[in-house]
Structures are given as C-alpha cells and as structure tokens.
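> Provided herewith is a single structure, encoded as structure tokens, for subsequent inquiry.
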Amino acid sequence: MENQIFELQYALDTFYFLVMGALVMWMAAGFAMLEAGLVRAKNTTEILTKNVALFAIACTAYLVVGYDIMYDGGLFLNSIALDGAESADALTATVLKESAEAGFGGDSVYSNASDFFFQVVFVATAMSIVSGAVAERMKLWAFLLFAVVMTSVIYPLEGAWTWGGQSVFGLFSLGDDFGFSDFAGSGIVHLAGASAALAGVLLLGARKGKYSADGKVNPIPGANMPLATLGTFILWMGWFGFNGGSVLKLGDVASANSVAMVFLNTNAAAAGGVVAAMLVARMLFGKADLSMILNGALAGLVAITAEPSTPTPLVATLIGAAGGVLVVFSIITLDKLKIDDPVGAISVHGAVGMWGLLAVPLTNDGATFLGQFVGLLTIFVWVFGASFAVWMVIKIVTGIRVSEEEEYEGVDIGECGMEAYPEFTGSRGSGM
C-alpha cells in the first residue's frame, strides 16, 4: 500500500511540474503580445519573429549543453530517459527507494524529464526579457546569435551557482557561504535577463528621434495597446506556473498548502503593483498611464518571485506595490540617462528584480541582506560582463544595428520581408 502511494505521489508531482511548465511556456506568448503592442507597427513582424525564434533556440541550446552545465544533466540529455535507469522496473525501484528515504513530506521525487521541461521555459523567459529592450533597431541575426550564447552558457552558469548549488568559479558558494535565496528567480531569471539587455542597449544606442540634443525625451508610443494589455494578462496567468511550480512538490498537505499560498501571494503582489503604479503615474503625469500600469503589474510579479511562499497576503501586496512605485521612477531615470528601452524591460526585470531579492529577508528568516546583496552582485556582474563581451564581439564581426534607412522604414521589411499591418503602414500585397 505504501509503495502504491509513493508511485501515485511521484506521478502527481511529475504531472504538476509539467502543468506548471506549460503555464510558463505560455508566458512566451505573453512576452510576444506585450512587445508587439509596445513597438511601432512597422516593427511588429520582426519582434514576433524574435520571440518565436528565441524560444526555439533556448529549448535547443539548453538541451544540447545548458542543462548539463547547470545541473550535470548530460550533453544532449543523454541520461534523462527513465531518469538514467536501465529499465522501467529499475526506475520504479529507484523511485520507491528515494521516496521511502524522503518520506511523504520530504524532498520531492519526480521525473528528470519534467524537471528539464520546467527549467527550459525559464531559460526562454530570461531571453525574452532581452528581446523587448533592444527592439526596433537591432539586427535580427545578431540578436539570435546572442540568444545561442545566452541560453547555452551565460544563463546556465549563473544558474549552476544558484539553483545548481555549485561554487562560483571555485571561489565561494552563494548558498552555503552566504545563504542566498531566490525562490523562483527574481534574480536568477529576471535580473539576469535585464543585465544582458542593459549590456546590449548600451552598445546599441537609442532609437533615432527618441532623445533631442537638448536632452528632451520624445515619447514613441506603441502601436497596439490592446495587444500589450492582452500580453500582460497572459504573463500574469503564466506567472502562477512560474512561482507555483517552484515549490517543486504537490503530493502532500504541506506542499499543497504552500502552492496555494504562492498562487495567492503572486496574485496579490501583481494587484499591488498595478494600484501603486497607477497612483504614482496619476501624481506625476496627471493621467492614468496604461503603459505604466501594465509595467506595474509585471513589476509586482517580479518583486514577489524571489519569495512568494513566506509573506502574508498583505505583505505580498506591499512588496508588489513597492515594485510598482520603483518601476515608474526607474523608467523615468533611464530616460534621463538616455538609455532607451522601448518596453521598460530593464526597469521591470532589473531594478525590480533587485528589489525582490533584497525583500526576501523581510519574511524569510533563513536569508540575510548580505547574502542577498552578494547574490545580486554576482548575477549582475557575471551576466552583464559576459553579455557585454559577447555583444561587443558580435558588433565587431557582423554589426548589431540596422541601417538608418532600415530603422526609418521599419525592420519588418528589411529583416523579415513582410509587415504585420500592410494596410496601415503603406505596403500592399501583389494581389491587391
């Protein structure tokens, strides 16, 4: 009877992992819709192409080498079938042995294949953050080349130092030496993506016409705010899988309750971010700025991602609200520094990702501000430095910015040979 319960628990935890991973995969659609809505019509096809391609590249690169770097999963996942067991019977015996050792409420026991699936969609999320920040002026193939390096080496290495439990180049251990904690990836995923994006943006430069010589910031509105709003809601929904799946276990009372609290706190933080960003935008601009409201929702989600399991719902709301306030001021500050980010990704995932990490000790007694700061600094220095070097090499070899004429006409035609809205941007098909 006990063995049957262990087998059922294994099946339940594996299935739960797969469903949560599928929710996170759906976030790829959210990023695509959000970015397509916040760029100009003439750049829509290219941004959609990037989002589809980067997801496929992330899945392939992480399969080939990234998972092995991060978790010793084997090149090409060569040991993942049957979790490395020689037969289904051997796998069952191993599962029962590990389950008996852990107990019903112990460490989770699930299929390695489900773990890979859950992890690979996180890799794609980190790369999606980069896409929006460099939109409207970066060469498509330069971006995709960087995506290969980011998802196969840069992200897996910092992931190995954190979730993988490995030492940082043999110097120190973030977990053992500093007690660094990042439940679902405010730093490991979101800050990492923003750091890579910042490196690219600094080398790429601003869009033409974004900043005047006298320092004035010229707004460049997105083409489709309904699409951006849809994208935000898709991301909001996918985030339940992002954070909920990071509990890693469902098949006992304590774990099930933890998953429920994570869902509750994730939603509360997003709501807090929306309300705070809306109020701050009203005070600063005299209007309810929809783009700031959407980024406020995402900021609340990023802020709570580092620790969604220990706060009370009220505290989770306040953590998200602080993220909503921070993202508005961060976007304004980056514009003053002439760092052009069309979708606000660096602010949402970078500035707020840092806040999320530093907020962990407020509710988690096992974490310290020193440990969180060391982890934050390690992630930023590695990802920003490595990304800057890779972007620089690509810039020297192939160039990373489209021509001025191509930027003026829109990268849709130059990079993809088609437009998303030909009726509105002036092009007509030959059959018209």
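The values are calculated or read from the model by the stated rules, or taken from the named source; none is laboratory data. The structure presented is a predicted model; accordingly, all values stated were derived computationally and were not measured. Please note: Cβ atoms are built from the backbone with ideal geometry, for glycine as well, and neighbour counts cover all protein chains shown.
Per-residue answers, yes or no, for (1) out of contact with any Ser or Thr (no Cβ under 9 Å at 6 or more places or on another chain); (2) of a type outside the set (Lys, Arg); (3) exposed (fewer than 13 other Cβ atoms within 10 Å of the Cβ); (4) modelled with pLDDT of 95 or more:
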{"position": "Val390", "(1), (2), (3), (4)": "yes, yes, no, yes"}
{"position": "Ile396", "(1), (2), (3), (4)": "yes, yes, yes, yes"}
{"position": "Glu407", "(1), (2), (3), (4)": "yes, yes, no, yes"}
{"position": "Ala420", "(1), (2), (3), (4)": "no, yes, no, no"}
{"position": "Arg428", "(1), (2), (3), (4)": "yes, no, yes, no"}
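> Okay, next question. Which of the residues belonging to the range 359-372 are of a type in the set (A, V, I, L, M, F, W, C) and buried (at least 18 other Cβ atoms within 10 Å of the Cβ)?
Ala359, Val360, Ala367
> Could you please let me know if Ala367 is of a type outside the set (Asp, Glu) and within 23 Å of the chain's Cα centre (by Cα)?
Numbers: of a type outside the set (Asp, Glu): yes; within 23 Å of the chain's Cα centre (by Cα): yes.
Yes; evaluated as a whole, the condition is true for this residue.
> Oh, and also: May I ask you to verify whether Thr317 is under 13 Å from Gly273 (Cβ atoms), among the polar types (S, T, N, Q) and surrounded by 24 or more Cβ atoms within 10 Å (Cβ to Cβ)? Talk me through it step by step, then tell me what you get.
Numbers: under 13 Å from Gly273 (Cβ atoms): yes; among the polar types (S, T, N, Q): yes; surrounded by 24 or more Cβ atoms within 10 Å (Cβ to Cβ): no.
Spelling it out, it is not the case that Thr317 is under 13 Å from Gly273 (Cβ atoms), among the polar types (S, T, N, Q) and surrounded by 24 or more Cβ atoms within 10 Å (Cβ to Cβ).
> Right, another one. Before we move on, is Ile188 touching a Gly at 6+ places or on another chain (Cβ under 7 Å), among the hydrophobic types (A, V, I, L, M, F, W, C) and closer than 22 Å to Phe118 by Cα?
Yes: the conditions hold for Ile188.
> Cβ-Cβ under 6 Å, sequence separation 6+ or interchain: first residue in the range 108-126 and within 14 Å of Gly159 (Cα to Cα), partner surrounded by fewer than 21 Cβ atoms within 10 Å (Cβ to Cβ). Which pairs?
Val120/Cys59; Val121/Met25
> Phe183 passes all but one of (1) among the aromatic types (Phe, Trp, Tyr); (2) part of a loop (DSSP other than H, G, I, E, B); (3) in contact with a Leu (Cβ under 8 Å, 6 or more places away or on another chain); which number fails?
Failing condition for Phe183: (3).
> Of Ala28, Ala81, which residue is touching a residue at least 24 places away in the same chain (Cβ under 8 Å) and more than 17 Å from the chain's Cα centre (by Cα)?
On the way: Ala28 fails: more than 17 Å from the chain's Cα centre (by Cα).
Going through Ala28, Ala81 in turn, just one is touching a residue at least 24 places away in the same chain (Cβ under 8 Å) and more than 17 Å from the chain's Cα centre (by Cα): Ala81.
> Also, quick follow-up: Taking the range 144-168, which residues are within 18 Å of Glu46 (Cβ to Cβ) and surrounded by 24 or more Cβ atoms within 10 Å (Cβ to Cβ)?
Those that are within 18 Å of Glu46 (Cβ to Cβ) and surrounded by 24 or more Cβ atoms within 10 Å (Cβ to Cβ): Phe146, Ala147.
> Sticking with this structure for a sec: Test Asp341 against the stated conditions and say whether it is in contact with a helix residue (DSSP H, G or I) (Cβ under 6 Å, 6 or more places away or on another chain), acidic (Asp, Glu) and not in a helix (DSSP H, G or I). Give the derivation first.
On the way: in contact with a helix residue (DSSP H, G or I) (Cβ under 6 Å, 6 or more places away or on another chain): yes; acidic (Asp, Glu): yes; not in a helix (DSSP H, G or I): yes.
So Asp341 fits the description; yes.
> Restricted to the range 195-228, and to residues that are touching a Gly at 6+ places or on another chain (Cβ under 8 Å) and part of a loop (DSSP other than H, G, I, E, B), which residue is nearest to Val343 (Cα to Cα)?
Gly222
> Collect the residues in the range 14-52 that are of a type in the set (Gly, Ala, Ser) and touching a helix residue (DSSP H, G or I) at 6+ places or on another chain (Cβ under 6 Å), keeping them in residue-number order. Can you show your working first?
Going through the range 14-52, the residues of a type in the set (Gly, Ala, Ser) turn out to be 21-22, 28-30, 32, 36-37, 41.
Across the range 14-52, the qualifying residues are Gly21, Ala28, Ala29, Gly30, Ala32, Ala36, Gly37, Ala41.
> Only one residue in Ala126, Ala147, Ala160 is on the phi < 0 side of the Ramachandran plot and more than 16 Å from the chain's Cα centre (by Cα), so which one is that?
Values: Ala126 fails: more than 16 Å from the chain's Cα centre (by Cα); Ala147 fails: more than 16 Å from the chain's Cα centre (by Cα).
None of the others qualify; the one that does is Ala160.
For (1) closer than 13 Å to Ala359 by Cβ; (2) at pLDDT 95 or above; (3) more than 18 Å from the chain's Cα centre (by Cα); (4) not hydrophobic (A, V, I, L, M, F, W, C), each residue gets a yes or a no:
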position: Met261; (1), (2), (3), (4): no, yes, yes, no
position: Asn267; (1), (2), (3), (4): no, yes, no, yes
position: Val274; (1), (2), (3), (4): no, yes, yes, no
position: Leu279; (1), (2), (3), (4): no, yes, yes, no
position: Leu290; (1), (2), (3), (4): no, yes, yes, no
position: Ala322; (1), (2), (3), (4): yes, yes, yes, no
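> Okay, next question. Residue check: is Val352 in contact with a Leu (Cβ under 6 Å, 6 or more places away or on another chain), over 18 Å from Trp161 (Cβ atoms) and either in contact (Cβ under 8 Å) with a residue 24 or more places away in the chain or not polar (S, T, N, Q) (or both)? Show your work before the answer.
Values: in contact with a Leu (Cβ under 6 Å, 6 or more places away or on another chain): yes; over 18 Å from Trp161 (Cβ atoms): yes; either in contact (Cβ under 8 Å) with a residue 24 or more places away in the chain or not polar (S, T, N, Q) (or both): yes.
Taking the combined requirement at face value, the residue satisfies it.
> With respect to Val390, is the statement that it is of a type outside the set (Gly, Ala, Ser), at negative phi, assigned to a helix (DSSP H, G or I) and touching a residue at least 12 places away in the same chain (Cβ under 8 Å) true? Write out each step before concluding.
On the way: of a type outside the set (Gly, Ala, Ser): yes; at negative phi: yes; assigned to a helix (DSSP H, G or I): yes; touching a residue at least 12 places away in the same chain (Cβ under 8 Å): yes.
So Val390 fits the description; yes.
> Here is a follow-up. Going by the conditions given, is Ala206 under 26 Å from Met150 (Cβ atoms), surrounded by 20 or more Cβ atoms within 10 Å (Cβ to Cβ) and among the aliphatic types (A, V, I, L, M)?
no
> State whether one or more residues within the range 231-239 are surrounded by fewer than 21 Cβ atoms within 10 Å (Cβ to Cβ), touching a strand residue (DSSP E or B) at 6+ places or on another chain (Cβ under 9 Å) and in contact (Cβ under 8 Å) with a residue 40 or more places away in the chain.
The answer is no; no qualifying residue exists.
> Would a scan of the range 254-261 turn up a residue that is free of Cβ contacts under 8 Å to residues at least 24 places away in the same chain, assigned to a loop (DSSP other than H, G, I, E, B), among the small types (Gly, Ala, Ser) and over 19 Å from Ala299 (Cα atoms)?
no
> Next question, about the same structure. Enumerate the helices (runs of 4 or more DSSP H) found wholly within the range 1-74, keeping only those where 3 or more residues are surrounded by fewer than 22 Cβ atoms within 10 Å (Cβ to Cβ) and modelled with pLDDT of 95 or more.
Details: elements: 2-38, 44-61, 67-71.
Ranges flagged: 2-38, 44-61.
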